[in-house]
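Please read the structure below before turning to the comments.
The values are calculated or read from the model by the stated rules, or taken from the named source; none is laboratory data. All of these numbers come straight from a predicted model, not from anything done at the bench. Don't worry about glycine lacking a Cβ; one is built from the backbone with ideal geometry, like all the others, and counts go over all protein chains shown. Heavy atoms of the whole protein, side chains included, go into the accessibility calculation; ligands, DNA and RNA do not. Shrake-Rupley method; radii C 1.70, N 1.55, O 1.52, S 1.80 Å.
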Amino acid sequence: MVKILSIDPFALICTEPSGATKSFPSIASSLGGRSLCRRLTTQPNTQHPESLKRQQRQTPTQHESPPYKGQSFDEVVELRKQYLTPNVTSYYKKPLLIHKGSGSQLFDQDKSYLDMFGGIVTVSVGHCHPKVNAALEEQLRTLWHTTNIYMHPKLHQYAEKLVAKMPGDLKNVYFVNSGSEANDLAMMIARLYTGNHDIISFRNAYHGASPYTMGLTAHSTWRYPLPGLNSGILHAMNPDPYTGIWGGKQCRDSPVQTTRSCDCQEGQCKATDMYYDQLEQLFKYSLPRGKVAGMFAESIQGVGGTVQYTKGYIKRAAELVRANGGLFISDEVQSGFGRTGEHYWGFEAHDIVPDIVTMAKGIGNGFPMGAVVTSRKVAEVLCQALHFNTFGGNPLACAVGMAVLDVIDEEELQKNSLDVGTYMLKGLERLRDKHDVIGDVRGKGLMIGVELVADKETRQHLSAPHFVDIWEMCKDMGVLFGRGGLNANVLRIKPPMCVNRTDADYALAVIDYCCDQYMKKQKRGSRR
């Protein structure tokens, strides 16, 4: 008989009564025959392989879904239809009704799921982390809200703690509520400071959906036909080594390279030279000479499908922007706080210190907050008029933010992101070589993308109905992935940073199985 060593949702150890470790059958021979100990209670709609069936029978019930006492699924669906705006859509053909989270787990009415998307790259240290919960509970007993017209200690303590993580003279912070709001403010600061108007972002970038940041966002699917949206905003060619015009197997900073052929030598990226030439052309033909307000770049593109740039491009771009009077703004909304593994901030991998850094999402582990960090010299431009954010620096938010920083350090989650992320990337690389439907695997740490294709040679994206077949199957087997890319054909893997190799093994095995089932289905269809 198997017993649970601990009921801690972060624990993943099972023992026999004798104290010996219990080994469960492997569920993916392609992953080296490792035994897994996943506590999933989900009842999938798809047919499981025998090894998964055996694992389910032998799996302890630690992660059975806790009792749900709310409204029924059908009642919630009706309320959603009646009261929410019709543009609010849900993942999956039958949406999940999530009512509880713990660590890397999410629970609906009667199933548990491994969350490999982290609430859209927002849950950084784990759902309902006990230390973060305790910090919030302690603060709400004393003070919920005052705003910055008064002083309260948490705001100042958190500001000191946060900017201590920043390099150079990035030592002044302005707190906001979201990533869109942070990028809004960064745009305004850049224009005020430089006296210039034009701002550059990349094609395929996502920097928010507010009327101001929507111009920065270069995805037609996220843009409304509003006048003035592109006022002063230009989109540079995206230096993407997989689907871009140039690039190949030597061109990106990732444990896994694209299989695309490449003439680049070690330490030299020819693709960067060509993409940089295109950026220079933008300055030459589309901007006032020597006058640009700034350039925005995600360190790794998130919504765009975990796209990485060619090596050295960002550093050269930042130098060009500054030479033309502009500021370089790094959007760390998704790539910050240790997620990329090697560094605390994604921009560090590009060997730059930006003029402005924007952040949100993982900053609060799901609590609505964001921040803009810059130098005192740049920040002083906001003194030209009054600028105020009612909820920025709220005591509750600051208490949560400090606890998140502590947990990242105490539990070495940056190191865990590097370890588990690299482990998963190498496993995905093996799956890419095995399955024709996986065209590319990329990313760093726990910011990973898996691009599904209809044709590996042409890199033709997998169409939506076919992608959904695989994606839904993964959900039915108890693993939740995000979806991204301009063509919505990229599995976005950005879990809470507390996931471990056992979680990674299970996620890899599910992708392996679902891709295999999809390919078998395609072959049966072609024979007909």
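Miscellaneous remarks
- Cα coordinate range in segment 173-215, projected on the principal axes (Å, largest first): 28, 25, 16
- Size estimate for segment 137-216 follows the Kirkwood approach: the inverse of mean 1/r over distinct Cα pairs works out to 15.3 Å.
- Distance between the C-alpha centres of segment 474-494 and segment 347-382: 28 Å, rounded to the whole angstrom.
- The order of the peptides 325-334, 388-397, 219-228 by mean Cβ neighbours within 10 Å, most packed first, is 325-334, 388-397, 219-228.
- Both numbers refer to the Cα atoms of segment 377-426; Rg and Dmax are 18.0, 52 Å.
- Residue-wise HN-Hα coupling along segment 136-153, computed from phi with Karplus coefficients 6.51, -1.76, 1.60 (Hz; x: Gly, Pro): 5, 5, 5, 5, 5, 7, 10, 7, 8, 7, 9, 6, 6, 5, 10, 9, 9, x
- Diffusion coefficient (Stokes-Einstein, Kirkwood radius over C-alpha pairs, 37 °C, 0.692 mPa s) for segment 121-265: 169 µm²/s, rounded to a whole number.
- Residues in segment 428-445 carry Karplus couplings, in order, of 5, 4, 5, 5, 4, 5, 8, 10, 5, 7, 9, x, 8, 10, 8, x, 9, x Hz; the curve used is 6.51 cos²θ - 1.76 cosθ + 1.60 with θ = phi - 60°, and Gly or Pro positions show x.
- Dividing the C-alpha radius of gyration of segment 285-374 by 2.2 N^0.38 Å, with N its residue count, gives 1.12.
- In the structure shown, the pairs K165/K284; K161/K377; K161/K361; K94/K131 are assessed against 26 Å; a Cα-Cα span above that value is assigned to K165/K284; K94/K131.
- Calculated P(r) of segment 395-457 - Cα pairs past 13 Å, %: 68
- Cut-off 11 Å between beta-carbons: net charge of the residues surrounding G248, Lys and Arg +1, Asp and Glu -1: +3
- For segment 290-339, the equivalent ellipsoid derived from the alpha-carbon gyration tensor has semi-axes of 22, 12, 9 Å in decreasing order.
- With the convex hull drawn around the C-alpha atoms of the chain, the volume per residue stands at 172 Å³.
- With distances taken between every two different alpha-carbon atoms, segment 253-298 has a Kirkwood hydrodynamic radius of 13.3 Å.
- Taking a Cβ cut-off of under 10 Å around D198, the surrounding Lys, Arg, Asp and Glu residues balance to a net charge of +2, with basic ones at +1 and acidic ones at -1.
- Binned Cα-Cα distance frequencies in segment 228-270 - 5 Å width, integer %: 5, 22, 24, 17, 8, 7, 7, 7, 2
- If the chain linking D263 and H387 were pulled fully straight, counting 0.36 nm for each residue of separation and taking away their Cα-Cα distance, it would gain 39.5 nm.
- Computed on segment 222-337, the Cα convex hull volume stands at 130 Å³ per residue.
- A 1.4 Å probe run over the protein chains yields, for the chain, 43 Å² of accessible area per residue, whole-number rounding.
- Cα gyration tensor category, rounded, prolate or oblate, for segment 315-454 with a/c compared to 1.5: oblate
- Taking amide H as placed 1.01 Å from N in the peptide plane, the amide H of V453 sits under 5 Å from that of I438, G439, L462, each at least 5 places away or on another chain.
- Local charge for E410 was computed over the other residues whose Cβ lies under 14 Å away, with Lys and Arg +1 and Asp and Glu -1, and equals -1.
- Normalised convex hull volume, segment 387-528, alpha-carbon set, Å³ per residue: 152
- Segment 96-189: radius of gyration and largest Cα-Cα distance (Dmax), Å: 17.1, 51
- Share, in percent, of DSSP beta bridges within segment 253-379 that are antiparallel, nearest 5: 40
- Gain on full extension, evaluated as 0.36 nm per residue between D74 and R289 minus their Cα-Cα distance, stands at 71.4 nm.
- Amide hydrogen neighbours beyond the local backbone of V176, cut-off 5 Å, H modeled: G370, A371, V372, G393
- Estimated vicinal HN-Hα couplings, Hz - segment 241-258 in sequence order (Karplus 6.51, -1.76, 1.60; Gly, Pro = x): x, 9, 9, x, 5, 10, x, x, 6, 10, 9, 10, 8, 8, x, 10, 9, 5
- One quarter of the convex hull surface built on the alpha carbon atoms of segment 419-492 amounts to 4.8 nm², the projected area averaged over directions.
- Accessible surface of segment 378-456 [probe 1.4 Å, protein heavy atoms]: carbon and sulfur percent: 52
- Extreme residue, positive dipole direction of the chain, given options C498, V303, L97 (C-beta unit charges): L97
- At q = 0.14, 0.26 Å⁻¹, base-10 log of I(q)/I(0) for segment 449-521 (Debye sum, equal scatterers on each alpha carbon): -0.43, -1.31
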